[in-house]
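Reading through the structure tokens given below for one structure.
The values are calculated or read from the model by the stated rules, or taken from the named source; none is laboratory data. Predicted model, so just to flag it, every value in this text is computed and none were measured. So basically every Cβ, Gly included, is an ideal-geometry build from the backbone, and we count neighbours across all protein chains shown.
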Amino acid sequence: MSPLETALLLFLTAITVLSALMVVAVRNLIHAGFWLLPFFLGVGGFYLILSLEFLFALQLLLYAGAVMVVVLFALMLTRDVMNPQIRQTNRLYVAAIAASASMMMLLIVLIYRHLGVLSVLPAPVDSDAITRRLGTMLLNEYVLPFELTSALLLSAMLGAIFLARNPRIEMEEESGE
Amino acid sequence: MNLNGLPLHFFVLLSAVLFAIGLYGLISRRNAIAVLMSIEIVMNAANLNFVAFWRYLHPQSLEGVVFVLVTITVAAAEVAVGMAVVLSIYRTLHTVNVDEVAQMRG
């Protein structure tokens, strides 16, 4: 790796970790929602480094586009009950720090103990061929998960509409007619 | 990008750090929407792991990438349903704080 590539990698890592920290730590939740954007873009940058242009586009469209917009919509619709002045953490604040820190330590120890033999230099891959083969694979070997995901998306959409509609307003409209 | 010299450890450690950050938010946040945002961080950490292991260990087969595709779709569905549930709770109880919604506590 050239020094430029190392600098780019460090920059991307710093952006991703910092914005993830901001998402969980910032008191104003609207700001936390906006911090999701650099986080998703940073993770997408890692997909790009690992030569997965298609997954980067998907990350941009689905996470940085759809998921963030839905999160911001929900935050703004429930805005009157969230006061940025009051604390946004519950009583488990200290326990949460301890739990996540010990989890991270455990993972790091496990990684260093058992991953040593696995780190080999990756062979270069052709990203155009990856996208083409991914499309073929999704419609051949993996056509069942592919179709199941579409069924899941449809049912999630119907469920979201059913849960989010307001029965009271609809009843008032019916009695008004 | 030329990955020579960059060990798999880098991606796995980064993913562990992101997972721990998401776990912290998951436990400590009061607002249900903020909890969902932390879940997104955890899911992204898992996706990064899938992709890194695929790239370093099995670059010839694409199973890891298919996994990530399915995970991203499930995450999108999860966010849609989660937000609908949060809005429904907000309408009936006028709060979105998970420590105040204790109607089902035994």
Could you list, in sequence order, all residues of region B:76-90 that are within 7 Å of chain A (Cβ to nearest Cβ) and not hydroxyl-bearing (Ser, Thr, Tyr)?
B:Ala76, B:Ala77, B:Val79, B:Ala80, B:Val81, B:Met83, B:Ala84, B:Val85, B:Val86, B:Leu87
Filtering region B:55-79 down to residues that are more than 13 Å from the chain's Cα centre (by Cα), surrounded by 21 or more Cβ atoms within 10 Å (Cβ to Cβ) and either aromatic (Phe, Trp, Tyr) or over 17 Å from A:Phe56 (Cα atoms) (or both) yields B:Tyr56
One residue from A:Leu37, A:Leu50, A:Leu29 being within 28 Å of A:Ser127 (Cα to Cα) and modelled with pLDDT under 90
A:Leu50
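Report, by residue number, each residue of region B:62-82 that is part of a helix (DSSP H, G or I) and touching a Phe, Trp or Tyr at 6+ places or on another chain (Cβ under 9 Å).
B:Glu63, B:Gly64, B:Val65, B:Val66, B:Phe67, B:Val68, B:Leu69, B:Val70, B:Thr71, B:Ile72, B:Ala75, B:Ala76
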Residues (over 23 Å from A:Ala96 (Cα atoms), in a loop (DSSP other than H, G, I, E, B) and not polar (S, T, N, Q)) located in region A:1-27
A:Met1
Could you name every one of the helices (runs of 4 or more DSSP H) located completely within region A:82-177 that has at least 2 residues being within 30 Å of B:Arg29 (Cβ to Cβ) and modelled with pLDDT of 85 or more?
A:93-114, A:143-164
Residues B:Asn44, B:Asn31, B:Asn49: which one is buried (at least 18 other Cβ atoms within 10 Å of the Cβ) and touching a strand residue (DSSP E or B) at 6+ places or on another chain (Cβ under 7 Å)?
B:Asn31
Answer yes or no as to whether A:Ile30 is over 15 Å from the mean Cα position of the chain (by Cα), under 23 Å from A:Ala164 (Cα atoms) and in a helix (DSSP H, G or I).
yes
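For (1) within 20 Å of A:Gly42 (Cα to Cα); (2) at the interface with another protein chain (Cβ under 7 Å from one of its Cβ atoms), each residue gets a yes or a no:
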site: B:Ala45; (1), (2): yes, no
site: B:Leu48; (1), (2): yes, yes
site: B:His58; (1), (2): no, no
site: B:Val68; (1), (2): yes, yes
site: B:Ile72; (1), (2): yes, yes
site: B:Thr92; (1), (2): no, no
site: B:Gln103; (1), (2): no, no
Give the residues of region A:52-105 that are among the acidic types (Asp, Glu) and either in contact (Cβ under 8 Å) with a residue 60 or more places away in the chain or surrounded by 16 or more Cβ atoms within 10 Å (Cβ to Cβ) (or both), sorted by residue number.
A:Glu53
Taking first residues from region B:22-41 that are among the aromatic types (Phe, Trp, Tyr) and second residues anywhere that are surrounded by fewer than 24 Cβ atoms within 10 Å (Cβ to Cβ), the pairs with Cβ under 7 Å that are 6 or more apart or on different chains are B:Tyr24/A:Ala96; B:Tyr24/A:Ile97; B:Tyr24/A:Ser100
Answer yes if at least one residue in region B:2-10 is more than 7 Å from chain A (Cβ to nearest Cβ) and either modelled with pLDDT of 90 or more or crowded, with 20+ Cβ neighbours inside 10 Å (or both), and no otherwise.
no
For the list (1) out of contact with any Asp or Glu (no Cβ under 9 Å at 6 or more places or on another chain); (2) assigned to a helix (DSSP H, G or I), I need the number of the one condition that B:Trp54 fails.
(1)
Sole exception among (1) of a type in the set (Gly, Ala, Ser); (2) in contact with a helix residue (DSSP H, G or I) (Cβ under 9 Å, 6 or more places away or on another chain); (3) under 30 Å from A:Leu77 (Cβ atoms) for B:Ala102, by number:
(2)
How many of the residues making up region B:86-99 are without any contact (Cβ under 8 Å) to a residue 40 or more places away in the chain, of a type in the set (A, V, I, L, M, F, W, C) and surrounded by 16 or more Cβ atoms within 10 Å (Cβ to Cβ)?
1
